[in-house]
Amino acid sequence: LNVTEEKFILETLAGCIEYKSLLDVVVNAFFVQDGRYCLISERNLYVVICYLATFQLEELGLQHFSRIVKSLDTAKMHKFLRFFFNALYLNTWIKDEWSQFYDSLYVKENWIDPLLRWQPKVQQLIEQLADRLSNRTANVKTSTVTQPKEFNLTVPRPRAVPVPLPKPVIEKRPPVLPSTHKPPKEKKQLEEIKRKNRQRAEDLLLKANTNQFRCAAVKPEKGEVCYKILQGVFLTDREIVPFLMRYLEVVWELVLRQYSEDLQIDNIPIKLNAAAILRESALYQRKMEQELKRIENLLRGARDPTEFLEWQKQMRGKDLEEQLAEIECRRLQGKLSHEEAVLAHQNVIQVNKKKAVLMREEKAELMHQYAERRLQEQKEMRELVEQVVEGHKNAKQAKLKLQKYKQQIVQEVCEENQELLRQALEEEEEKLRKKCELIQQIRVMESLPSLKHKFIDLTETGGHGLICEMSIVELRERLALLREAQKAAEEEKRDQIIHEKQAKEQLLLDKLDQISVFRAELGRAAALKQEENKRRSQSGESQMKDERILNLQKKIVEKAMERKKQAGLL
């Protein structure tokens, strides 16, 4: 390079390094938006063009800058300059990003305003690049199509007809087992158990209905005792014992009646583990303590929350009905919106059909113009091909001379390589010979016998000077004593575990008996509750539909009729 070109290149390199942060903003944005399919290896190319356009355009001039741009790839430069000299991008995000590194007033006066002044002239350069791209796509060489020729092949001799193979005999498959299509016997057993449970529940319900007011009869001695307790009078042992017995009976019946609403007990035998038994027993115990506490509060004058719970249940039922009505309204509104969307889609189809007819007419006219232009381009290409063929004839002679010169150079290089390989082979053989001699010497030294015998006395200590030193015989005796003591401790631990396991099994059996009593009573109460709910559901009145739902249904019917009519017209 001469001095001027070297100075220009060094200044450009220094500027790209100094203003790297500003140039990275533009180039990174270009790769994200318009340059998604550009190669990342061409990043430095866009950095240099961005630097020249921003900082050297005044010094270079538009003519020199245009010559640099046109010497590069036309499509890449057209895409980058169109992105960088966009007035909207320069005034908005490019200015804001550059203002994070330099003062905003300095950025506007020294960089943004000059770029906006040069923008109309650079736009002309961009249009020239676009014209060159359009000419390049139009002037594509049409290669001559190769006409295939048939091969002159020898006609093969006709093959002999092969002897047909015998058909293989298929073994008869065993028939399908009759149990495949029969239901399993466990299903029948479960249905039988369900039928028996239902019969037992109906019997318990009939028995409970006949004796439902027996527990409500208040005995005179019980009323007298309760009155005395409320008055704070001291009771004797003879008076308090019957009262407590009756009190526990009432508490038991109330616990069963309150918590039987959420349980459906089936008589199918279920194997429970220890954790499940203890967990269920603790549940029943906790429920009984809660019921006892509630009855004590009632005896002290607390209010029964039954009326409040019934009112709360009614209010929740009303809220549920309102929510269901609201959900139905939303569903019908969505259906109505769907009908309106279908009508709008049909209208769009009609408009698109009209546009398609116009586009076909325009396309036919453009194709006619394209065919005429194509014929003119083919004529120009034929003339160009003739000129290129004449140039190829002169180039063949120069190519033959160059080929002979290259062959001579290759022959000389091969002779030099063979001499170097011969020398390297001799050096490697010498190294290998020395290594073999060294290995033989080492093997002779290893083959010499060595006498190393040491006699050990098991009754003597190691002689290391430690207090805890002992011989191997003493160590073995102590290990034997430790094994015997460990075995005795294991036997004692095993007996203790067996006793604890037996006590735990007895506790679980007691808990199982208690749980079976609870389940039997809760099943009877659940059957009563189920029968009462069935009576209430049969005697309930049907709900009235909301007026909004009726109106929406009417609108949906009207829209559907209109959509069918529009579909018939289409």
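Quick notes on this one:
- Gain on full extension, evaluated as 0.36 nm per residue between Thr154 and Gln350 minus their Cα-Cα distance, stands at 64.1 nm.
- Of Lys335/Lys555; Lys185/Lys534; Lys194/Lys313, pairs whose Cα-Cα distance is over 20 Å: Lys185/Lys534; Lys194/Lys313
- Residues of the range 66-82 falling in the label zone of Leu116, defined by backbone nitrogen less than 19 Å from a point 7 Å along Cα to beta-carbon, are 82.
- Of the trypsin sites (Lys or Arg not before Pro) in the range 1-71, the ones in a loop by DSSP (not H, G, I, E or B) with at most 10 other beta carbons within 10 Å are Arg36.
- Computed FRET value (nearest 0.05) for Glu491 with Leu278, which takes r as the C-beta separation and R₀ as 35 Å: 0.70
- Check: the range 3-135 dipole with +1 on Lys, Arg Cβ and -1 on Asp, Glu Cβ, in debye: 440
- Farthest toward positive dipole pole in the range 3-135 [+1 Lys/Arg, -1 Asp/Glu at C-beta], among Thr92, Leu39, Leu62: Leu39
- Qualifying chymotrypsin sites (Phe, Trp or Tyr not before Pro) for the range 53-155 [loop in DSSP, other Cβ within 10 Å: at most 11]: Phe101, Phe151
- Cβ-Cβ FRET estimate between Arg331 and Gln408, R0 fixed at 60 Å, reported to 0.05: 0.05
- Global geometry of the range 3-135, whether rounded, prolate or oblate, following the gyration tensor of its Cα atoms and the 1.5 cut on a/c: rounded
- Within the range 309-335: backbone nitrogen closer than 20 Å to the Lys287 label point (7 Å, Cα to C-beta): 309-310
- For Leu458 and Leu512, a Förster radius of 56 Å and the Cβ-Cβ distance give a FRET efficiency of 0.35, rounded to the nearest 0.05.
- A full extension of the chain between Arg200 and Glu390 corresponds to an added length of 57.1 nm, given 0.36 nm per residue minus the alpha carbon distance.
- Per-atom-type breakdown for the range 3-135 gives carbon and sulfur 54% of the accessible area (1.4 Å probe, protein chains only).
- Rolling a 1.4 angstrom probe over the protein heavy atoms with all chains in place gives the range 3-135 an accessible area of 56 Å² per residue.
- Candidate aspartates and glutamates - alpha carbon under 20 Å from Lys95, same-chain residues fewer than 8 apart omitted: Glu18, Asp24, Asp34, Glu58, Asp103, Glu109, Asp113
- Computed with every protein chain present, the accessible area of Ile327 is close to 100 Å² [probe 1.4 Å].
The values are calculated or read from the model by the stated rules, or taken from the named source; none is laboratory data. What you see is a predicted model, and the numbers here were worked out from it, not measured in a lab. For neighbour counting, all protein chains shown are included, and Cβ atoms are generated from backbone atoms with ideal geometry for every residue, glycine included. Please note that ligands, DNA and RNA were not included when accessible areas were found on the heavy atoms of the full protein model with its side chains. Shrake-Rupley method; radii C 1.70, N 1.55, O 1.52, S 1.80 Å.
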